1. Here is a list of conditions, (1) at pLDDT 95 or above; (2) surrounded by fewer than 18 Cβ atoms within 10 Å (Cβ to Cβ), and residue 151 meets all of them except one; can you say which number that is?
2. Any idea which of (1) in contact with a strand residue (DSSP E or B) (Cβ under 9 Å, 6 or more places away or on another chain); (2) more than 15 Å from residue 171 (Cβ to Cβ); (3) part of a helix (DSSP H, G or I) is the one residue 147 doesn't satisfy?
3. Given the conditions (1) part of a strand (DSSP E or B); (2) in contact with a strand residue (DSSP E or B) (Cβ under 6 Å, 6 or more places away or on another chain); (3) under 23 Å from residue 20 (Cβ atoms), report the number of the one that residue 156 does not fulfil.
4. Might you check whether a residue that is assigned to a strand (DSSP E or B), under 22 Å from residue 19 (Cβ atoms), under 15 Å from the mean Cα position of the chain (by Cα) and without any contact (Cβ under 8 Å) to a residue 60 or more places away in the chain occurs anywhere in the range 126-133?
5. For the range 22-41, name all the residues that are touching a helix residue (DSSP H, G or I) at 6+ places or on another chain (Cβ under 7 Å) and either surrounded by 15 or more Cβ atoms within 10 Å (Cβ to Cβ) or over 17 Å from residue 105 (Cα atoms) (or both).
6. Which one of 88, 76 is farther than 12 Å from residue 29 by Cβ, more than 14 Å from the chain's Cα centre (by Cα), surrounded by 15 or more Cβ atoms within 10 Å (Cβ to Cβ) and modelled with pLDDT of 95 or more?
7. Condition first: surrounded by 14 or more Cβ atoms within 10 Å (Cβ to Cβ) and over 15 Å from residue 74 (Cα atoms). Can you find one or more residues in the range 99-122 that meet it?
């Protein structure tokens, strides 16, 4: 299967959104997303050094090819605007898949996180190797905790990392009757 066809197979659509793999041309908008300190405040992530560094990251993003999952650029179908991203990430060191999302502030509170993450979870659980998906969230991030709970993820435990308090949530693949 050609890389273009393979990546096309990863695309998802919901009622309002289209999710597709990252491309190098996403760099300026994703750089802008990370420029907002409120967007990054609960993530533990740092801003890219510059747009060129962001472009290199997106052009070399290897989750799709290595693991068949990845974070996805999330686009509002009605206008074509990029809202941010949502998707799974595989952590080979712990053999875990985590779900994450990040959106521009102007799109917060409109249900896009829940809508996109629902589609990502559904697609993820079609893969037999994915039996459990986790999410890590800072204890202060009440809005994100609410999204995780709406998605059906269940609180597991709290922990400290880099002097910050985090919580781990998880959801297991639906059992077939």
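The values are calculated or read from the model by the stated rules, or taken from the named source; none is laboratory data. In this text the structure is predicted, and so the values were computed from the model without any measurement. Ideal geometry is used to build each Cβ from the backbone, glycine not excepted, and the neighbour counts take in all protein chains shown.
1. All conditions are met except number (2).
2. (2)
3. The one condition residue 156 does not meet is (3).
4. There is at least one residue in the range 126-133 that is assigned to a strand (DSSP E or B), under 22 Å from residue 19 (Cβ atoms), under 15 Å from the mean Cα position of the chain (by Cα) and without any contact (Cβ under 8 Å) to a residue 60 or more places away in the chain.
5. The answer is 22, 23, 24, 26, 27, 30, 31, 33, 34, 39, 40.
6. 76
7. Checking the range 99-122: not a single residue is surrounded by 14 or more Cβ atoms within 10 Å (Cβ to Cβ) and over 15 Å from residue 74 (Cα atoms).
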